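Structure first, commentary second.
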Amino acid sequence: MPVVIQIPTPLRRFTGGRRTVTVEAHTVGAALDELTGIFPDVRAGLQRPDGSLRSDARLFVGAEDIRGLGGLDTPVSDGDVIAIIPPVAGA
């Protein structure tokens with residue numbers, strides 16, 4: 001099922017300037033795997049070498065932070081939007 005990933009400005013240099021990328025996935029983790037399969041350099045901005053999320057990487061499905069849901073196992077539905085929120089200095 002297609003889901004849209006919103007790419008924040010700091011990561012757009014790795015996506016050829018694209019603001020959004022549409023991928024086929026059933027979970028947030030699978031969506032990130034698809035994204036980093038297309039744009040491998042994005043991985044360093046989001047994940048540790050072991051595949052876990054970096055502590056400063058914030059991902060939301062709709063208005064919900066995935067940390068309060070199922071993390072990378074959070075299910076996504078057709079048309080969902082995954083927003084990557086970059087870290088904010090001093091936050």
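For the reader, a short list of remarks on this structure follows.
A quick yes/no check of all residues on (1) part of a strand (DSSP E or B); (2) among the hydroxyl-bearing types (S, T, Y):
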position: P10; (1), (2): no, no
position: T22; (1), (2): yes, yes
position: L32; (1), (2): no, no
position: T36; (1), (2): no, yes
position: G51; (1), (2): no, no
position: L59; (1), (2): yes, no
position: D78; (1), (2): no, no
position: I82; (1), (2): yes, no
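- Residues in segment 13-42 that are within 15 Å of I82 (Cα to Cα) and among the charged types (D, E, K, R): R18, R19, E24, D33, E34.
- Neighbours by Cβ (under 8 Å, 6+ apart or cross-chain): first from segment 1-21, touching a residue at least 60 places away in the same chain (Cβ under 8 Å); second in a loop (DSSP other than H, G, I, E, B) and of a type in the set (S, T, N, Q): M1/S77; V3/S77; I7/T15
- Verdict on G45 being assigned to a helix (DSSP H, G or I) and either among the basic types (K, R) or closer than 21 Å to G79 by Cβ (or both): no
- Considered as a group, the residues in segment 28-39 that are farther than 23 Å from G68 by Cα and touching a residue at least 12 places away in the same chain (Cβ under 8 Å) include one that is surrounded by the most Cβ atoms within 10 Å (Cβ to Cβ), and that residue is F39.
- Filter pass, D41 being of a type outside the set (G, A, S) and farther than 15 Å from R12 by Cα: no
- Residue count for segment 43-64, restricted to those that are in contact with a strand residue (DSSP E or B) (Cβ under 9 Å, 6 or more places away or on another chain) and surrounded by 14 or more Cβ atoms within 10 Å (Cβ to Cβ): 9
Readers should treat all values here as calculations from the given coordinates under stated rules, not as data from a laboratory. All values reported here derive from a predicted model rather than from experimental measurement. FYI the Cβ positions are ideal-geometry reconstructions off the backbone, even for glycines, and counts take in every protein chain you see.
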